[in-house]
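I have placed the structure first, in the form of C-alpha cells, so that the comments after it can refer back to it.
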Amino acid sequence: MALVTEIRLWHQQYVAAREDAAQLAQLVNHSFEQCRQALVMLEERLAELGYPVASLILQPEAEQESRISHIETITQREVPAVLKQLWRTLGGISFIDVDDYSHCEFWGRLGIEGAHGFCDGVYVDACSQEWLDYTVEDFEACQSDNTVSEFLYSFAPDGYHKDDISGGDPYGLRGEGWLAEVVFFSWSGKRVPESAPAFPLDLLGYLRTSILECGGFSGLLGHPKFEPIREKLVAGLPLF
C-alpha cells in the first residue's frame, strides 16, 4: 500500500499550498512533467497487452493560444489555469479510442466490464477546433436558455459517452484557478480508489488517482480480472 500512501501525500501537498498561487503553479508544472513520464510508461505497458490506443498523449495544438483567447473573449471567463497549463505542457490525454471505440472490444475480449458498463478511461480534450466549436455552441445554448451562470468549461465526455453509450453531462471544471473543481464525475468502479481525495476534486487530483492507482481506467477498478493487469500497469510509475 506504499503507492496509495504516496499518492495521498501528493494530494496533501496541493491542499497545503492552496493559498499560495506561486507554489501551486510550480507544483502543477512539476506534476505535468511527471505525468508525461507516467503516460509514456503506460503506453509501453498497454502496447505489450495489445491495447488498441497507441498514444496516450495528444500533442499540443498549433492554434491553441488563439483558441483560448477566442473562447475567453466570447464567454468573458478565464479557462481554468490548470487546464491551460495541461494544454501547454501535454496537449491532452486519451486512454480511449473516441473514433471506433476499439478499447471497448479489447476489454470485452478479456471478459472485463466496468461496474456501470464502461471503463471510464482517462481523457482530457486537447484545445482543438472541435473542442472550441463545442464550447462555443454550449455557451450560446446557455445564453439562449438564460443559464449563463451555469456554464462550465468541459474537458471530457462522461464515462458512458466514452464507451459509445448514451450518458449524461460531460466532465467539467468549476472555477478559474489551479484547483478548479471537477464536476459531474464520480468514481464508477466496483470500489472507490483507496487514494481518492475528498471532494471537491481538482483536475490533478482526479488524474493522479485515476492514473497512478487505477492504471487509467477507474471504471474497471475492483474487477477481479482487471486487478492483475492494473498492478502491472501502475508498478513503479513516477508520482505526480
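The values are calculated or read from the model by the stated rules, or taken from the named source; none is laboratory data. A quick note: this is a predicted structure, and the numbers were derived from the prediction, not measured. Here the Cβ is made from the backbone with ideal geometry for all residues, glycine too, and neighbour counts use every protein chain on show. The accessibility values were calculated without ligands, DNA or RNA, using every heavy atom of the protein model including side chains. Shrake-Rupley method; radii C 1.70, N 1.55, O 1.52, S 1.80 Å.
At 0.36 nm per residue, minus the direct Cα-Cα distance, what do Leu9 and Asp169 gain on full extension? Give it in nm, one decimal, please.
My answer for the length gained is 54.5 nm.
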On a 0 to 90° scale, report how tilted helix 203-212 is relative to the longest principal axis of the chain, with both axes built from alpha carbons and the result rounded to the nearest 10.
-> 10 degrees
With DNA, RNA and ligands ignored, accessible area of Asp163 (1.4 Å probe; Å², nearest 10) = 20 Å²
Shape of segment 1-94 from its Cα gyration tensor (a ≥ b ≥ c, root eigenvalues): rounded if a/c is under 1.5, otherwise prolate when a/b > b/c, or oblate?
-> oblate
Check: the chain dipole with +1 on Lys, Arg Cβ and -1 on Asp, Glu Cβ, in debye = 980 debye
Sites Phe184 and Arg109 - FRET efficiency at Förster radius 22 Å, r taken between beta-carbons, to 0.05 = 0.15
Which ³J(HN,Hα) values in Hz, rounded to whole numbers, follow from the phi angles of segment 22-38 under the Karplus curve 6.51 cos²θ - 1.76 cosθ + 1.60, where θ = phi - 60° and Gly and Pro get x?
-> 5, 5, 4, 4, 5, 4, 4, 4, 5, 5, 5, 5, 5, 4, 4, 4, 5
Solvent-free Debye scattering, log10 I(q)/I(0), computed from the Cα coordinates of segment 34-137 at q = 0.22 Å⁻¹ | -1.15
Listed residues Ile71, Ile229 arranged by accessible area, highest first, probe 1.4 Å = Ile229, Ile71
If you compute mean projected area of the Cα convex hull in nm² for the structure shown, which of (1) 15.2; (2) 12.5; (3) 16.6 do you land on?
-> (2)
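Within the accessible area of segment 16-140, what % is carbon and sulfur when the probe is 1.4 Å and the other protein chains stay in place?
Solvent-exposed carbon and sulfur of segment 16-140 make up 45 percent of the total.
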Surface share of carbon and sulfur [accessible, 1.4 angstrom probe, percent] for segment 169-240 = 55 percent
Express the accessible area of the chain per residue in Å², computed with a 1.4 Å probe while the remaining protein chains stay in the model.
-> 45 Å²
In a solvent-free Debye calculation with one equal scatterer on each Cα, what is log10 I(q)/I(0) for segment 113-187 at q = 0.15, 0.16, 0.21 Å⁻¹, listed in the order of the q values?
-> -0.57, -0.65, -1.04
Whole-angstrom gap from segment 139-170 to segment 187-208, using each part's C-alpha centre = 21 Å
Distance in nm between Asn29 and Asp100 label points, each 7 Å along Cα→Cβ, equals 4.1 nm
Where does the Debye-calculated log10 I(q)/I(0) of segment 131-240 sit at q = 0.10, 0.14, 0.16 Å⁻¹, using only Cα point scatterers of equal weight, no solvent?
-> -0.35, -0.65, -0.81
Full-stretch length increase - Ala198, Tyr134 - with 0.36 nm per residue and alpha-carbon distance subtracted = 20.0 nm
Measuring from label point to label point, each 7 Å out along Cα→Cβ, what is the Thr147 to Gln37 span in nm?
-> 4.4 nm
If the label point is 7 Å along Cα→Cβ of Gln76, which residues in segment 167-183 have backbone nitrogen under 20 Å from it?
-> 174-177
